[in-house]
Amino acid sequence: MCGIVAYIGHREAYPVILKGLKRLEYRGYDSSGVALLNEGLKVYKRKGKVAELEESLIGKDVHSASGIGHTRWATHGEPSDRNAHPHISANGRLAMIHNGIIENYNQLKHELINKGYKFTSDTDTEVLLKFIEDIQVNNKVGLEEAVRIALKRVVGAYVIVLIDQDNPDTLIAARKGSPLVIGIGKGEHFLASDASPIIEYTKEVVYVNDYELAIIKPEELVLKNLGNEKITPFIQKLDLELAKIEKGGFDHFMLKEIFEQPQTIFDCLRGRMDAREGYIRMAGVDKNIEQLKNAGRFIIIACGTSWHAALIAEYIIEELCRIPVEVEYASEFRYRNPIVNKGDVIFAVSQSGETADTLVAIERAKENGAFVFGIVNVVGSSIARISHAGAYTHAGPEIGVASTKAFTAQLAILTMIALKIAKEKGTIDQKRFMHLLSELHEIPDKVKTLLESNDSIKKLATKYKDANNALYLGRGYNFPVALEGALKLKEISYIHAEGYPAAEMKHGPIALVDENLPVVIVATKDSYHEKIVSNIQEIKARKGKVIAVITSGDKVITGLADDVIEVPEADELVAPMLSTIPLQLLAYHVGVAKGSDVDKPRNLAKSVTVE
Ligand code: F6R
């Protein structure tokens, strides 16, 4: 987690860094700080969000042509002023920001304590900085060399950026396992955890790779490996607009992102399928189609919301392709010595492309000889780069911490992949193939229609906002939708919610049902419809409050439920892309009604780059 920003060049560094930190707050927001160089090193840092840091710096001297900034998500040490970054070396000469975890920090700390070093924070970052300082002083080497030597002993993940008051025209940065992008301007360089703080100034960027060290001056960028060999930086041109990462008139990023879904799903499908001509073309799939269609098994690894998309994909792929699918939490897969056979294909699903557990799970799968196909939203992210092949979801930057538009884009892409494999394998007939293509094609317009229910969902939110618990139920393709709805409510409103397959209710959760329990039932018209109607009756018989997501015009459930939210009719295979959206809106409005900071809910971060 954590967001880092740095600047060196001809502008005032502080405004560039401050704006960048605000864009990166989705990566963590429990404390923040900056180190600026102007006739000596000035370090300002404090507990709380970036806006609090900004306020505390009004009237302070922030003049500087180079600086580093950090917004933190605590791993080692509670959120506090002293644990906030940047950290300062014992001699006061160096300041450093860090994103990641130094696993062997304890051992290094003991060595340094034995040498007389004192620590002013509980962080692993301060340990690494003082370790670098110690090497620099004792080995009488420059900062670049000291960093290189230190990193060879470090176990863990990091992006670090150092600033040195005795060498004000140089920043030193290095990466392993956490993201680092360098923007290249005229006589200036920008560093950040992702491209969002950079695109306002330049579209030319370099994604730094693991085990690379960058020496950055206003006019020059030198990349080296840890063996001190120069590497030619690979400069890419970004295709990202600033407007796409701002709120655009919505109160919150989350609401903006929910409302973007007609466009993001369209963007995901665009150019990849044609419902009239009847084809799906996806470069990463087409190139590897033999491997994919002959797979003995698919294993989908993911976390959180992406894991819910994977569960829906399991149902879709098994139905269409007749290939067994297993869905694994990346955090379990990486530690449990799973069986991966030759011929198994791993799908890794991730919005950020930086989730630490998913990254390591991919490494494990690759060590076992598996072919890894990444399904990722953030272009150039680590998962995109370590996968053998992949497809981007093209949902655009997702800033709200609770994932919304990335989820529906994941579903769109996974459905297209399943359809393509099924077509090539011959497990789907032409009629069904064409029907599902046309169903997919219609989704963006149907999403537009269902978003018109926003105001009525807001009213429902007011009605149910004081509940202490909620149960979410669904069957078949809509069971993972229920899990996702419950997760959204928990994250945004802090109301405890559980998702269950509706039929499992009788095996325990039904004991919770009484007149105070809202039960959200995802009951669109599908092959399970009659069964779920019975489940609703069982809840009503126990006086539970039923809020049902139904297909427009479903009179049966309208007659039974306390409240209904209608979504347009769709084939059950693509229906989750619709039925999820009212649950996103419900969670959003409950969160707002309860006064939560919905874009930055407590304890969470957008990019979980620690295990
Ligand atoms: C929930 C949410 C998280 C992420 C999870 C995986 O709203 O956003 O559960 O889905 O942390 O993140 P990615 O998809 O970036 O790997």
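General observations
- Each residue in the range 51-79 was checked for being small (Gly, Ala, Ser), at pLDDT 95 or above and part of a loop (DSSP other than H, G, I, E, B), and 1 of them qualify.
- Qualifying positions in the range 400-458 - within 17 Å of ILE581 (Cα to Cα) and part of a loop (DSSP other than H, G, I, E, B): GLY400, VAL401, ALA402, SER403, THR404
- In the range 459-502, residue surrounded by the fewest Cβ atoms within 10 Å (Cβ to Cβ) [restricted to those that are away from the ligand (no atom under 16 Å from the Cβ) and in a loop (DSSP other than H, G, I, E, B)]: ASN468
- Checklist (1) closer than 28 Å to VAL181 by Cα; (2) basic (Lys, Arg); (3) in contact with a helix residue (DSSP H, G or I) (Cβ under 6 Å, 6 or more places away or on another chain) applied to LYS109, failing item: (1)
- Close Cβ contacts (under 8 Å, 6 or more residues apart or on different chains) running from residues in the range 269-290 that are surrounded by fewer than 17 Cβ atoms within 10 Å (Cβ to Cβ) to residues that are modelled with pLDDT of 95 or more and acidic (Asp, Glu) comprise ILE289/GLU424.
- Taking the range 185-198 as the range and being closer than 20 Å to ILE245 by Cα and either surrounded by fewer than 23 Cβ atoms within 10 Å (Cβ to Cβ) or not aliphatic (A, V, I, L, M) (or both) as the test, the residues that pass are PHE190, SER193, ASP194, SER196, PRO197.
- The residue list LYS531, LYS600 contains one member that is more than 16 Å from the ligand (Cβ to nearest atom) and surrounded by fewer than 24 Cβ atoms within 10 Å (Cβ to Cβ), which is LYS531.
- Evaluated against (1) out of contact with any strand residue (DSSP E or B) (no Cβ under 7 Å at 6 or more places or on another chain); (2) touching a residue at least 12 places away in the same chain (Cβ under 8 Å); (3) closer than 21 Å to ALA461 by Cα, LEU573 falls short on exactly one condition, (3).
- Pair list, Cβ < 6 Å and 6+ apart or interchain, from the range 113-131 residues that are within 21 Å of GLU145 (Cα to Cα) to residues that are of a type in the set (Ser, Thr, Tyr): ASP124/TYR105; VAL127/TYR105; LEU129/SER89; LYS130/TYR117
- Test: residue in the range 163-178 that is surrounded by fewer than 22 Cβ atoms within 10 Å (Cβ to Cβ), under 24 Å from the mean Cα position of the chain (by Cα) and either basic (Lys, Arg) or in a loop (DSSP other than H, G, I, E, B) (or both): yes
- Hey, HIS98 in the same structural domain as HIS189 (by TED's automatic domain parsing) and modelled with pLDDT under 95 or not: no
- Qualifying residue in the range 12-30 (condition: surrounded by 24 or more Cβ atoms within 10 Å (Cβ to Cβ), of a type outside the set (Asp, Glu) and at positive phi): yes
The values are calculated or read from the model by the stated rules, or taken from the named source; none is laboratory data. No experiment lies behind these values; they were computed from the predicted model shown. Every residue, glycine as well, gets a Cβ built from its backbone with ideal geometry; the counts of neighbours run over all protein chains shown.
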